[in-house]
Structure formats: C-alpha cells, structure tokens
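Below: the structure, in structure tokens.
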Amino acid sequence: LPRLIFHRQWATSCLAGQTDRRHYSALPGLSGLLRVSPEVADAVATNRPVVALESTIYTHGALGDDLVQKEIATVRKHGTVPAICGILAGVPTVGLSPEEVNRMVHEGAKKVSRRDLAYLVGMGLTGQKVHGGTTISGTMVLARLAGIRVFGTGGLGGVHRGGQDSMDISADLTELGRTRVAVISSGCKGFLDIPRTLEFLETQGVLVSTFADGRSGYVDFPAFWARDSGTKSPSVVQTEAEAAAMIYAQEQLGIETGMLFANPIPEEFSIPRKEMEVAITTAVREADEQGLTGARNTPHILQRIRELTDGRSVPANKALVQSNVERAAKVAVELSKLLD
Ligand code: PSU
Ligand code: MN
C-alpha cells in the first residue's frame, strides 16, 4: 500500500507538469527507464479503471494485425483504459499504441518473460534497441510497477506435459505467486498438464477461481479452446463485482500474490476437448521429437495445433481473448468503485 500511494504521488506530479518527462515514470529506481503513457498514468493516479494487455500475443501469436485494435476497442467500450505492456526498442513501456505494437510485430521481437526484462532493457541502454513482446509473466511485472491491478489475456502458461521430468513450468506460474496482479484468462493452454498446473498454483498461494455465470455445483477449470478440462476448478466466482472484491481484499490484506480468474471460452466458439486432444497429442509429440524446449515450445505447439485443426483454433483463440478482455474491463470498473 505505501508503495502504491507513493506511485500515485509521482503520477500526480507527472500530470501537474512538475517533471519535464511526462512519458516517463519518476518512481525511484525506475527513473527514466519505465515509460508509462500519460493516459495510463492519469487513470492510475485517479483510480479510474485500467486493463493491462500483453504483447507476446501480438508478436508471437500470429492472430492478425487487427487483434490489437479489437482488444483496445473492447476495453474502451467499457470506459476503461487499455495498457499494452512490452519493450519497444529497449524501452519497457506500459501503454503502447497500436502503431508501436505493429512496429514490434513487423520489425520482429523477442519473447520476454521476467528473466528477459533486464537483458533487453540493459541492451537498450547500450544502444542495442531490441523489441520484446512480454508474456503474462513479463507483462505482470510491468503492470505492477505502473500500479495496474487487472490484466486480461488469452491463456496462461503452465506445467507442460511431462513437466515432472523436463521441469518445463511456465514462469507465468511463479509470477502469479509473487506479483499482485489479477489475471483473467481462459484457464491455461489446453496442451498443458492441467492437474499439475493447478497443484503448482496452489503451492504458490495463487487464488484460482472460475467464472461460473450462475452455474453451481461442479465447474471445470477451462482449457483454452475447450470449456472443460476434466479438472474441477478450485473455486468459482459468479460476478465481476465478486472478483473485484477479492482483488480489493488481497490488496488490503497486503498479500503480494497474483490471482487467476478463469473465464471459459464462449460456448459458440469452443472446440470440444476430445476433438482438440488429437491435434494436441500430435503437436506435443512432434515438439518433443524436435527437441523444442524453453521459450520456443509454446509458440511452436500453438502454431502446429492451428495447422492440425485446419485453422479452426484461430477464431476460437481470437474469441476467447476478446471475451477475457471484456471480462477484465468489467472487473476493473467494479474495482474502481471500491477504490474511490
Ligand atoms: N500466445 C501465443 N504464443 C505464446 C503465448 C501466447 O500465441 O507464446 C504466451 C503467453 O504470453 C504466455 C506464454 O504467457 O506463452 C507462456 O510461455 P511459456 O510456456 O514459454 O512460459
Ligand atoms: Mn516453458
């Protein structure tokens, strides 16, 4: 909390023109490094709703140039400010414009999780200006620094199948364990080991709650393209106001841990789990055989699944992102009411 108040002070002083670098945060230790757009800084300073968005989805998702505009329009429709996070030419930025995102996509960008942030930003300081599309973990770090509490995206990374041997566990999970940002996603990507992913999140102390929208009793934790995963969600939430109250409570309790709200893909776009499973099994086996490990694994598997489903996974992927961003916007609006 003290940090947040401090953050609001700098944001306010930025706005009052007390610094000549309006585009840059004046937070000690970050001075001149973290670039926050004036619109985002203003909204954070005045407790208006803001939704963080990741950039890996654009730089590595191949979901089309129009996705960024659509996400922004959805966020704005709810009176909420979009804050796309990423590294533009070595500069860590919160509040990238669509033009800046397109520049990153067309000039090429690295996939950036927590571990890669200082590498790219340090390179930037030495004049080597590389772009970075931030994953969920990388985006959470930047969003937290800028004082943003809600983040809408596609699907979380997790424990990969066979992860108990390969140790391939997404940095998204440890990030949720340590960084207080609420993530709204369609559960985790369906090619992962979902039971182990949920075990890992429990160990990390991360609330996992699935939007049930009136359903009661047994609710599955969703698996990206599919609404079901065969694994029960640890808890359910019925409304955006409930989710906002939990985010508020976490902050008031001073628990510096992230939260995961799972939003099942809209029914009409979902692809049944059994249908996806064939493509998933093949894609995961091929990646194994080709020795595709580390950060290259997830983008490759997503691309192969797209080919193996004759592109059917793409509209599903786009629809779920839109649905999550919309949900995140509504949560941010509810949270903003509590913060006033
Ligand atoms: N969407 C894509 N490709 C990706 C991702 C999303 O089309 O690579 C990302 C998300 O940004 C998520 C990350 O945070 O994959 C997890 O990657 P990994 O499994 O390497 O931790
Ligand atoms: Mn990995």
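General remarks:
- Share, in percent, of DSSP beta bridges within the chain that are antiparallel, nearest 5: 30
- Relative contact order, percent, the chain [alpha-carbon distance under 8 Å, six or more residues apart]: 18
- Length released on extending from T46 to M123, taking residue separation times 0.36 nm less the Cα-Cα span: 24.3 nm
- Whole-Å semi-axes of the ellipsoid equivalent to the chain (Cα gyration tensor, √5λ, descending): 30, 23, 18
- Prolate/oblate/rounded call for the range 252-299, Cα gyration tensor, a/c under 1.5 rounded: oblate
- Here the range 82-183 is described by how far its Cα atoms reach on the three principal axes: 40, 28, 22 Å, from widest to narrowest.
- Between S97 and S166, the FRET efficiency estimated from the beta carbon spacing at R0 = 51 angstrom works out to 0.85.
- Coarse-grained scattering of the range 51-137 at q = 0.14, 0.24 Å⁻¹, given as base-10 log I(q)/I(0) from a Debye sum over alpha-carbon atoms: -0.43, -1.13
- Length available on full extension from R285 to T257: 0.36 nm per residue minus the Cα-Cα distance, which gives 6.7 nm.
- With the helix formula -39500 (n - 2.57) applied to DSSP H stretches of n ≥ 4, the chain reaches a computed 222 nm mean residue ellipticity of -14500 deg cm²/dmol.
- Phi to ³J(HN,Hα) by Karplus 6.51 cos²θ - 1.76 cosθ + 1.60 over the range 265-282, Hz, x for Gly, Pro: 4, x, 3, 5, 9, 6, 10, x, 4, 4, 5, 5, 4, 4, 4, 4, 4, 5
- Put simply, the convex hull of the Cα atoms in the range 170-314 casts, on average, a shadow of 8.9 nm².
- Summarising the amide proton neighbourhood of D220: residues at separation of 5 or more, or on other chains, whose placed amide H is nearer than 5 Å comprise S233.
- Cα-based shape type of the range 194-242, given that a ≥ b ≥ c are square roots of the gyration tensor eigenvalues and the cut on a/c is 1.5: oblate
- Here each label is just a point 7 Å from Cα along the line to Cβ, and for V278 and A62 those points are 2.1 nm apart.
- Full extension of the chain between Q204 and L33 yields a length gain of 58.6 nm, computed as 0.36 nm times the residue separation minus the alpha carbon distance.
- Of the chymotrypsin sites (Phe, Trp or Tyr not before Pro) in the range 206-311, those whose Cβ has at most 16 other Cβ within 10 Å and which sit in DSSP loop: Y218
- Springs join every pair of Cα atoms under 10 Å in this Gaussian network model of the chain, and among D65, D213, D165 the largest mean-square fluctuation is at D165.
- Cross-link pairs beyond the 30 Å C-alpha cut-off, checked among K110/K232; K189/K330; K232/K330; K70/K129; K77/K232; K129/K330: K110/K232; K77/K232; K129/K330
- Separation of the K77 and K232 label points, Cα + 7 Å toward Cβ, nm: 3.5
- Within the range 232-340, the GluC sites (Glu not before Pro) that combine a DSSP coil assignment with at most 14 other C-beta atoms in a 10 angstrom radius are E256.
No lab work stands behind these numbers, since they all come straight from the coordinates. The shown structure was predicted, so the numbers you read here are calculated from the model rather than taken from an experiment. We place every Cβ from the backbone using ideal geometry, glycine too, and count neighbours over all the protein chains shown.
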